[in-house]
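Beneath this line is the structure, given in structure tokens, with notes to follow.
What follows draws every value from the coordinates through simple rules; no lab data is involved. Being a predicted model, the structure only gives us computed values, none of them experimental. A quick note on method: Cβ atoms are made from the backbone with ideal geometry, for glycine too, and the neighbour counts reach across all protein chains shown.
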Amino acid sequence: MNISKTMEDAISSNNIFGIRSSFYTIVLSDPGFATGRFEKTLEYVKSKNIQGLIDEHNNKDFLEESDWNEEYCSLLASELQENFSLERIEHLIKVSKQVFKTAEAPVNKETFKNNDTNQKVNIDTDDSDKYAWIKGILVVVGIIAFIRWIFKE
């Protein structure tokens with residue numbers, strides 16, 4: 001498992017905000033949680049027993065499944081900065097996997113065999129920009145959450 005240098009630096013300095021921001025970055029890069037990177041990184045970080053990282057859930061109600069959409073995923077991801085609870089994390093993963101269920105781990109090319117000509121054909125399947133707009137929304141919501149967090153201090 002590859003842990004980013006930013007995450008390692010935040011862990012070594014017990015920078016809670018930096019750790020949570022790194023998780024937010026992971027959500028930006030994999031909004032459908034298709035790679036498992038978020039979960040693997042979470043297990044790694046939890047093994048470090050960092051005081052103050054995991055919050056008690058703030059009992060803020062979650063939306064019903066019929067109301068789940070990309071904007072709700074963005075909101076949940078940004079709320080991790082203020083309430084990094086296991087309940088919120090589990091809910092974010094569940095919602096994101098449902099909303100982005102067609103998203104899979106990035107693949108650049110697939111090779112298919114053409115049955116008529118018996119030749120291999122490369123098909124570009126790079127969908128990296130497929131969710132670029134949601135990444136933009138997540139960035140904006142993250143900035144707003146950061147500003148709220150700064151002024152709350």
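Overview of values
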{"read-out": "Under 11 Å, Cβ to Cβ, from residue 1 - net charge with Lys/Arg +1 and Asp/Glu -1", "value": "0"}
{"read-out": "Amide proton proximity set for residue 85, modelled H, under 5 Å, gap of 5+", "value": "55"}
{"read-out": "Whole-number Å³ per residue for the convex hull built on Cα positions in the range 1-79", "value": "102 Å³"}
